[in-house]
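Notes for the one structure printed next.
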Amino acid sequence: MANSQAREDFSRRLRKALQDRGRGVGSPTRLTQEFNSDYPERRVTPQAVRKWLNGEAIPSHDKVKALAEWLEISPNWLHHGEGGAGHAEQPAAIYRNPLPDQELLKRYRKLQPRQQQVVAEIITALAARDRRR
């Protein structure tokens, strides 16, 4: 019974995080494609996502960690419901562990042209600031 409750609780937290991040709960296939596009080294299947969303299973620790990073929430909150709303420390952790260059480039290429221009301007300004030091 406790296992069933843990799966249902995980499902509720996952659904909340998806909604809060504007990803919606919709289709497990769509969510799988979005996640796998961002994390090709940690691929998931639509069947697994469906089970997580329906409270039938809880992902492995490494998948919980990847999902939390993807949703910019605390892995502990996602898995166990501990640590408040779960949106506190995760973004800072992402910056402490930068993504590989290829992943950054892939994400950059997904941006709209105006967004790419803003990113380029930020990088240029930061590089100029570092040269002055």
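Computed from the coordinates by the stated procedures, all read-outs in this text should not be read as laboratory data. What you are looking at is a predicted structure, and each value in this text was computed from that prediction instead of being measured. Glycine gets a Cβ as well: all are built from the backbone with ideal geometry, and neighbour counts include every protein chain shown.
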Calculate one ³J(HN,Hα) per residue across the range 42-58 by plugging θ = phi - 60° into the Karplus curve 6.51 cos²θ - 1.76 cosθ + 1.60, and present them in order as whole Hz with x for glycine and proline.
10, 3, 10, 10, x, 5, 5, 4, 4, 5, 5, 5, 8, x, 9, 7, 10
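Among TRP77, TRP70, which comes first, second and so on when ranked by fewest other beta-carbon atoms within 10 Å? List each step's numbers first, then the result.
Values: TRP77 21, TRP70 18.
So the residues, fewest neighbours to most, are TRP70, TRP77.
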Chain lengthening between ALA57 and ARG43 when straightened (0.36 nm per residue, less Cα-Cα)
3.4 nm
Please work out how much length the chain gains when fully extended from GLU34 to ASP101, using 0.36 nm per residue of separation minus the C-alpha to C-alpha distance, in nm with one decimal.
22.2 nm
Between GLN5 and ARG21, what is the label-to-label distance in nm when each label sits 7 Å out along the Cα-to-Cβ direction?
2.8
Contour minus Cα-Cα span, GLN116 to ARG50, at 0.36 nm per residue, comes to 20.4 nm
Largest to smallest principal axis extent of the C-alpha atoms in the range 2-93, angstrom
33, 29, 23
